[in-house]
Every structure is written in structure tokens, then in C-alpha cells.
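Engineer: Next up is a structure, given as C-alpha cells.
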Amino acid sequence: MVVDEIDKTGGEHAYDPLGSLYSLLEHDTAHTFTDEFADVPIDASQVIWVATANDARGIPDPILNRMNVFDIDTPDDEASRKIASKLYRSIRADHDWGQRFEPDLKEDVLDALSHCAPREMRRALMMAFGNAKLDGRGVIEARDLPEHHARRKPMGFVQ
């Protein structure tokens, strides 16, 4: 079971989304867990939990103490270039219109994307595809990318 961005699930609401997780992460209580809203008992004792977070400081200590924490370094520029290149090829392959574009990105486009956060690359590339198409080109140029790329932030992985 994957819980994405667990550090952003603060208990500001009437229902604390982390409240149930306390019981689910304890083997002794997970096998007889009953959600307060569904009122259906389940055996979650065999569930493997994977949670992602950008900042482990946003995870309450009782939850964090039940997990193994693995820090994943932010991709360097070369790794980011590879991510951008694979993402470009994937987008191209997934859309019929993608075949109208060159099979690989130019070096200056890869350089520009290497400064982009990995999750922002898809948006930047989609905008670039559209801009190039509007300009009647089958090749993406650096000018087709959005002007303001988000700087990469450290990514974390918690299990």
C-alpha cells in the first residue's frame, strides 16, 4: 500500500487521516482493524506499507518510529537529463501526434530540463510540444519550455 506525501497529511481536519495509520502499522492491531467510517473489519497484518515524503519532519514521531527511513538524493544534472530524455520518448510514444516530433531532444533542451524538478518535467514537456506544434515545428527548442522551471527539491522515501 502506497501513501504518497505522508508529510502533508496533517490533522487540520475534523478527521485525522493519520489516526487510522497508527493501528494499521502495528501488527497486533492491524489484523483486526475496523475503519471508523466504513465499519468493515479487515486484516491488514500482511500489508507492506510504503510512504513517500519530501520532509520527514512533517511526519508525527509515532508514525515515523514505525518506519524505516531511506533518504533518496535529488538527481544530479546528468540523471535529470536521462529522466527528461526517457520522459520525452515516453510522451512521444504514447500519443499519435508524438511521431511528428524528432526522436530525441536537443542538448540545450536537456540542459534546461535538467534544472527542472522531475515532476515538473512532464508539464514542461507537454507545454513545449504544444508550443512547437503551434510554431509549425517537429522539434522542441529550449524556447518552447516554460520560462520558470521549479528548482529541484530533495525527495524523500519512507518505508
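Engineer: Would you please list the contacts, defined by Cβ atoms under 9 Å and residues six or more apart or on different chains, that run from a residue in region 129-140 that is surrounded by fewer than 15 Cβ atoms within 10 Å (Cβ to Cβ) to a residue that is at pLDDT 95 or above and not in a helix (DSSP H, G or I)?
Structural biologist: Asp135/Glu141; Arg137/Phe101; Gly138/Phe101; Gly138/Glu102; Val139/Phe101; Val139/Glu102; Val139/Leu105; Val139/Lys106
Engineer: Further, regarding this structure: Return the total of residues in region 105-114 being part of a helix (DSSP H, G or I) and basic (Lys, Arg).
Structural biologist: Of region 105-114, the ones part of a helix (DSSP H, G or I) are 107-113.
When the remaining residues are screened for being basic (Lys, Arg), the result is none.
Total meeting the criteria: 0.
Engineer: Continuing with this model, one more query. Testing Ser23 on (1) over 24 Å from the mean Cα position of the chain (by Cα); (2) among the small types (Gly, Ala, Ser); (3) within 19 Å of Arg119 (Cβ to Cβ), one condition comes back false. Which one is that?
Structural biologist: For Ser23, the failing item is (3).
Engineer: Same structure again: When region 105-124 is examined, which residues are found to be surrounded by 18 or more Cβ atoms within 10 Å (Cβ to Cβ) and more than 26 Å from Ala53 (Cβ to Cβ)?
Structural biologist: Leu105, Val109, Leu110, Ala112
Engineer: OK, next. For region 1-104, list the helices (runs of 4 or more DSSP H) that sit wholly inside it and hold at least 3 residues that are in contact with a helix residue (DSSP H, G or I) (Cβ under 7 Å, 6 or more places away or on another chain) and surrounded by 11 or more Cβ atoms within 10 Å (Cβ to Cβ); which are they?
Structural biologist: Numbers: elements: 19-25, 27-30, 61-64, 77-94.
By residue number, 19-25, 61-64, 77-94.
Engineer: If you go through region 56-70 one residue at a time, do you hit one that is within 22 Å of the chain's Cα centre (by Cα), within 30 Å of Leu105 (Cα to Cα) and touching a residue at least 24 places away in the same chain (Cβ under 8 Å)?
Structural biologist: Quick first cut of region 56-70, residues within 22 Å of the chain's Cα centre (by Cα) only: 56-60, 63-64, 67-70.
Applying the additional criterion that residues be within 30 Å of Leu105 (Cα to Cα) yields none.
Within region 56-70 (the criterion being within 22 Å of the chain's Cα centre (by Cα), within 30 Å of Leu105 (Cα to Cα) and touching a residue at least 24 places away in the same chain (Cβ under 8 Å)), the answer is no, since none of the residues qualifies.
The values are calculated or read from the model by the stated rules, or taken from the named source; none is laboratory data. Just so we're clear, the structure is a prediction, and the values are computed from it rather than from any experiment. No Cβ is skipped: glycine too gets one built from the backbone with ideal geometry, and neighbour counts run over all protein chains shown.
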